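Data first, discussion second: the structure below is written as structure tokens.
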Amino acid sequence: MKRAIFFPALLAFAFSTATAADVPASKVDAASVTSMTSGWPEASKDAIKKTMEKYGPPHEATSTMLVWHNNGPWKRTIIYSKAVPHNFPMAHDDVMQQWIDFRVKPEKYDEMAQYDGSVVLERTNGEMSARCDKEGANFLAINLAHDVAHGKKSVAAARRFYADAIKQMKAGKMPPYMEKLQFDAPNGDTGYKDMPAM
């Protein structure tokens, strides 16, 4: 029997069901963001700073998360006040989750989970996300997840590639897999409503 693998947060799921018409027209002002997040972990504040420099202030803010919609290649970006410790490929805190539309065959789900537990698949919504501490690491995770899903890399090869890319980044070199998506991400029509059972 297949294992139940992915458990995205309920609030993140709520944002995932929003349509373009639901996205606020205005953004949260930068001063309010600074005040609201003053007590957040350093990893979260660093991610906020870099994300705001690149994409501007968030569209939505709560006491536990900041949300950007349709920022660059991402369908959605959320930075959290609560960090999740993650030891692959080295110890760091996962604080920033970023989504794209994506469909993965069910028989590939086990491989995807073995590759990286911070890559999340949502079959009903037809979305895939990566949660790390930097956008570059999320690009890397998503690009390698795409390779695993399409049989271009084994789980072991993807994990080796990931670790080598992070080493390059720390040495001052930015691998292409960490700069942008290396494939054309779908735009909708990736969900699966399943079949009635009664």
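Taken together, the values in this text are just the output of simple stated rules run on the coordinates, not laboratory data. Keep in mind that what you see is a predicted model, and the values were worked out from it rather than measured. Cβ placement follows ideal geometry from the backbone for every residue including glycine, while neighbour counts extend to all protein chains displayed.
Using only alpha carbon pairs under 8 Å that are at least six residues apart, calculate the relative contact order of the range 57-101 and give it in whole percent. Intermediate values should be presented prior to the final figure.
Numbers: 74 pairs, mean separation 13.6, N = 45.
Once normalised by length, the contact order is 30 percent.
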| task | At a Cα cut-off below 14 Å, give the aspartates and glutamates reachable from Lys152, other chains included and same-chain residues fewer than 8 away excluded. | result | Glu111
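For the chain, which longest stretch is free of loop sites, where a loop site is one of the trypsin sites (Lys or Arg not before Pro) that DSSP puts outside H, G, I, E and B and that has at most 15 other Cβ atoms within 10 Å? Intermediate results must be reported in sequence, preceding the final value.
Values: sites that count: Lys2, Arg3, Arg103, Lys152, Lys173, Lys180, Lys193.
My reading of the result: 4-102 is the longest stretch.
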| field | Inter-site label distance for Lys193 and Ala163 at 7 Å from Cα along Cβ, in nm | value | 4.5 nm
| task | Holding the Cα-Cα limit at 30 Å, pick out from Lys134/Lys193; Lys49/Lys170; Lys75/Lys105; Lys105/Lys173; Lys105/Lys170 the pairs that are longer than that. | result | Lys134/Lys193; Lys105/Lys173; Lys105/Lys170
| remark: Expressed in nanometres to one decimal, the distance between label points 7 Å along Cα→Cβ at Glu53 and Ala156 is 3.9 nm
| query | Relative to the Cα centre, what is the charge dipole magnitude of the chain, using +1 at the beta carbon of each Lys and Arg, -1 at the beta carbon of each Asp and Glu, and rounding to the nearest 20 debye? | reply | 420 debye
| Hey, can you rank 115-121, 186-192, 96-102 by average C-beta count inside 10 Å, highest first? | 96-102, 115-121, 186-192
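Quick one: compute the contact order of the range 10-172, relative version, from alpha carbon pairs under 8 angstrom and 6+ residues apart, as a percent. Don't skip to the end; give the middle numbers.
On the way: 229 pairs, mean separation 26.2, N = 163.
So the answer I get is 16 percent.
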